[in-house]
Every structure is written in structure tokens, then in C-alpha cells.
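S.K.: Before we start, here is the structure in question, set down as C-alpha cells.
The values are calculated or read from the model by the stated rules, or taken from the named source; none is laboratory data. Please read these numbers as outputs of a predicted model, since none were measured by experiment. We place every Cβ from the backbone using ideal geometry, glycine too, and count neighbours over all the protein chains shown.
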Amino acid sequence: MDALTMLTAEKPVVIFSKSTCCMSHTVKALIKSFGANPAMVELDKLPNGQQVERALVQLGSRPGVPAVFIGQQFIGGADELISLNVQNKLAQLLLKAKAIFIWGREL
């Protein structure tokens, strides 16, 4: 878990991904559509990527990627993120984490 803490510290949005995962690209596009600039951690390009993925699975990420942290808090994967967006809660989380500073839609 220390690896996760180190990788998510001081970044408002972190997406753990694999470079070949289409859902990871979808999640990144969704976050960027709000004007946020997420930090991407490509597990298939890290020497300890399998260890980090096991830590994500232990945290509850099923499947291991994509796994999204907003404001150093584990949010979940694509399903959770899309659900938050549909409920109009994703913008609030991004604002609170200071990933974005203004949002034009009513919160």
C-alpha cells in the first residue's frame, strides 16, 4: 500500500492504467472533459507494475485497472466513475480535490 500512497500523494487525480486498456482511455477522456489533467500511471510500463496492481486489487479495484484516485481517495474503476458522472457528483469531487477550479454546470 505504501506504493499507492507514494504514487497518489500531492496529485489531485491519479488514474492507474495499462497502455492497452480501452476503459482506461475512456476514463481519462471523461476526467479531461471537465478540464482536469489527471496523472497517469501505466502499470505495464512500471518495473513494479504487477505489485502495484495487486495492491489496487486488495483495495477493491476489480478489475485492477482502471483505478481512479481523486483527492488521494480511491474512487473505483470505470463503472464507479461513470455512475458519479451520471449522478452529477464527479464535478463536485474534482472541485473539492482542486483538480478543477470552476465548473459551468449547476452542481
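S.K.: Condition first: more than 12 Å from the chain's Cα centre (by Cα) and either part of a helix (DSSP H, G or I) or crowded, with 22+ Cβ neighbours inside 10 Å (or both). Now tell me which residues in the range 65-89 satisfy that.
M.R.: We begin by selecting, within the range 65-89, every residue more than 12 Å from the chain's Cα centre (by Cα); these are 83-89.
Result: S83, L84, N85, V86.
Yes or no, residue by residue, for (1) among the small types (G, A, S); (2) at pLDDT below 90:
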| position | (1), (2) |
| --- | --- |
| M40 | no, no |
| L59 | no, yes |
| P63 | no, yes |
| A67 | yes, no |
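S.K.: Determine whether the range 28-44 contains at least one residue that is in contact (Cβ under 8 Å) with a residue 40 or more places away in the chain, more than 17 Å from A97 (Cα to Cα), out of contact with any Cys (no Cβ under 9 Å at 6 or more places or on another chain) and part of a helix (DSSP H, G or I).
M.R.: Checking the range 28-44: not a single residue is in contact (Cβ under 8 Å) with a residue 40 or more places away in the chain, more than 17 Å from A97 (Cα to Cα), out of contact with any Cys (no Cβ under 9 Å at 6 or more places or on another chain) and part of a helix (DSSP H, G or I).
S.K.: Check off (1) surrounded by 20 or more Cβ atoms within 10 Å (Cβ to Cβ); (2) not in a helix (DSSP H, G or I) for I100 and give me the number that stays unchecked.
M.R.: (1)
S.K.: With the checklist (1) modelled with pLDDT under 95; (2) out of contact with any strand residue (DSSP E or B) (no Cβ under 8 Å at 6 or more places or on another chain); (3) of a type in the set (A, V, I, L, M, F, W, C) in hand, flag the one item L7 doesn't pass.
M.R.: The one condition L7 does not meet is (2).
S.K.: Determine which single condition A55 fails, assuming it passes every other condition in (1) closer than 30 Å to I102 by Cα; (2) surrounded by 19 or more Cβ atoms within 10 Å (Cβ to Cβ).
M.R.: (1)
S.K.: Name the residue that is surrounded by the most Cβ atoms within 10 Å (Cβ to Cβ), counting only residues in the range 10-24 that are hydrophobic (A, V, I, L, M, F, W, C) and under 22 Å from Q72 (Cα atoms). Please lay out each step first, then the result.
M.R.: Within the range 10-24, the first condition is being hydrophobic (A, V, I, L, M, F, W, C), and the residues that meet it are 13-16, 21-23.
From what is left, the residues that are under 22 Å from Q72 (Cα atoms) are 13-16, 23.
On the way: V13: 26, V14: 22, I15: 24, F16: 29, M23: 17.
Residue satisfying both the conditions and the ranking: F16.
S.K.: I would also like to ask the following. Of the numbered conditions (1) of a type in the set (G, A, S); (2) touching a Lys or Arg at 6+ places or on another chain (Cβ under 8 Å); (3) surrounded by 20 or more Cβ atoms within 10 Å (Cβ to Cβ), A39 fails exactly one; give the number of that condition.
M.R.: (3)
S.K.: Is it the case that some residue within the range 49-64 is out of contact with any Lys or Arg (no Cβ under 6 Å at 6 or more places or on another chain) and over 17 Å from K18 (Cβ atoms)? Outline the logic, then answer.
M.R.: Within the range 49-64, the subset out of contact with any Lys or Arg (no Cβ under 6 Å at 6 or more places or on another chain) is 49-64.
Filter again for over 17 Å from K18 (Cβ atoms), leaving 58, 60.
Yes, the range 49-64 contains a residue that is out of contact with any Lys or Arg (no Cβ under 6 Å at 6 or more places or on another chain) and over 17 Å from K18 (Cβ atoms).
S.K.: Next up: Checking V57 against (1) out of contact with any helix residue (DSSP H, G or I) (no Cβ under 8 Å at 6 or more places or on another chain); (2) aliphatic (A, V, I, L, M); (3) closer than 22 Å to Q92 by Cα, which test does it fail?
M.R.: Of (1) out of contact with any helix residue (DSSP H, G or I) (no Cβ under 8 Å at 6 or more places or on another chain); (2) aliphatic (A, V, I, L, M); (3) closer than 22 Å to Q92 by Cα, only one is false for V57: (3).
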